[in-house]
Amino acid sequence: MSRLVLVRHGQASFLEADYDKLSPLGETQSQLLGEYWASRDVKFDHAATGQLSRQTNTARIVAESYRRAGVRFPEPITVPEFNECDAERVLRQALPGLISTDEQVRALHDAIEGGTTLEERSKNYQRLFEAVIGRWVSGELPVSGVESWAEFRARVDRGISAFRARCGHGANAVIFTSGGPIAVAVERALHLGPLDTLRVMWMSRNCSYSEFLFSGERFTLSAFNASPHLDGVKLITYR
């Protein structure tokens, strides 16, 4: 039996020009994860990341925490299949048309524009994001030039299968990725439908980890969204 741990990246730079960058809190979350694992002598034989900056930098900070503690951490390989789906691009392309035709989307967009605090804008943005991406996932909202949800799922599934084969029997492995690929892994383990998979994606905390056990064709969820290293409500974020 082998063990595969999937880590969601630390908090990125939400509502900033460059989202794909860890925020100061995201860096802290990543450091705390590395320190937590290293202090408990959690060891991995293999590691991988997607190509996104928020993924690779989470892995880098975790590895640095291991090195400071004198514990070995494997050099991660980069696997494009573990990149996030391009939901932000879906939103950008679909939003102008939906604002003019959909009352719910227009009201949420207006609420974001009129928000006076970051917390208020963040909550309304998440509601808007869920409304639009839910339609895209269900096939109601085709967006040209963007990888479809079905293509995204197939891509992540290929990546997991290839990485499993690379790890071999009895290995402990870790992947630093995003909420979407983690949700697809949960879908694979629990045989979920597309909208249930999307709900899992929304639940994923920044810098949480989920654990899967695998052997042959067996792929089982052992733990989901764990964050014992984030001791305090201010350290728990979803965006």
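The values are calculated or read from the model by the stated rules, or taken from the named source; none is laboratory data. Values in this document were obtained by computation on a predicted structure and should not be read as measured data. Positions of Cβ are generated from backbone atoms using ideal geometry, with glycine treated the same way; all protein chains shown enter the neighbour counts.
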Residue hits (region 109-127; outside any helix (DSSP H, G or I) and either in contact with a helix residue (DSSP H, G or I) (Cβ under 8 Å, 6 or more places away or on another chain) or surrounded by 15 or more Cβ atoms within 10 Å (Cβ to Cβ) (or both)) are Gly115
Tell me, please, whether a residue that is under 24 Å from Leu118 (Cα atoms), surrounded by 20 or more Cβ atoms within 10 Å (Cβ to Cβ), in contact with a Cys (Cβ under 8 Å, 6 or more places away or on another chain) and among the hydrophobic types (A, V, I, L, M, F, W, C) can be found in region 193-201. no
So Glu130 ticks every box in (1) surrounded by 15 or more Cβ atoms within 10 Å (Cβ to Cβ); (2) in the same structural domain as Gly50 (by TED's automatic domain parsing) but one. Which box is left unticked? (2)
How many residues does region 205-223 hold that are modelled with pLDDT of 95 or more, surrounded by fewer than 20 Cβ atoms within 10 Å (Cβ to Cβ) and either of a type outside the set (Lys, Arg) or assigned by TED's automatic domain parsing to the domain that holds Phe129 (or both)? 6
Flagged in region 163-200 as in a loop (DSSP other than H, G, I, E, B) and without any contact (Cβ under 8 Å) to a residue 12 or more places away in the chain, in numbering order, are His191, Leu192, Gly193
Can you tell me which residues in region 169-190 are more than 9 Å from His46 (Cβ to Cβ) and out of contact with any helix residue (DSSP H, G or I) (no Cβ under 7 Å at 6 or more places or on another chain)? His169, Gly170, Ile182, Ala189, Leu190
Selected residue [in the same structural domain as Ile175 (by TED's automatic domain parsing) and more than 20 Å from Glu211 (Cα to Cα)] from Val105, Val71, Val79: Val71
Could you pull out the residue among Ser138, Ser178 that is among the hydroxyl-bearing types (Ser, Thr, Tyr) and touching a strand residue (DSSP E or B) at 6+ places or on another chain (Cβ under 8 Å)? Ser178
Would you be able to say whether some residue in region 78-87 is part of a helix (DSSP H, G or I), more than 27 Å from Val184 (Cβ to Cβ) and of a type outside the set (Lys, Arg)? no
How many residues does region 193-220 hold that are over 27 Å from Gln29 (Cβ atoms) and of a type in the set (Gly, Ala, Ser)? 3
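Which residues, taken from region 11-62, are in contact with a Pro (Cβ under 8 Å, 6 or more places away or on another chain) and farther than 25 Å from Ile160 by Cα?
Within region 11-62, just Tyr36 meets the criteria.
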For region 1-40, how many residues meet the condition of being free of Cβ contacts under 8 Å to residues at least 40 places away in the same chain, within 30 Å of Ser215 (Cβ to Cβ) and surrounded by fewer than 16 Cβ atoms within 10 Å (Cβ to Cβ)? 2
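Counting just the residues of region 141-157 that are assigned to a loop (DSSP other than H, G, I, E, B) and in contact (Cβ under 8 Å) with a residue 60 or more places away in the chain, which one comes out nearest to Gly97 (Cα to Cα)?
Val146
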Against the condition under 26 Å from Asn206 (Cβ atoms), among the small types (Gly, Ala, Ser) and within 18 Å of the chain's Cα centre (by Cα), how does Ala87 come out, does it pass? yes
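Within region 201-212, how many residues turn out to be assigned to a strand (DSSP E or B) and under 11 Å from the mean Cα position of the chain (by Cα)?
Qualifying residue count for the region: 2.
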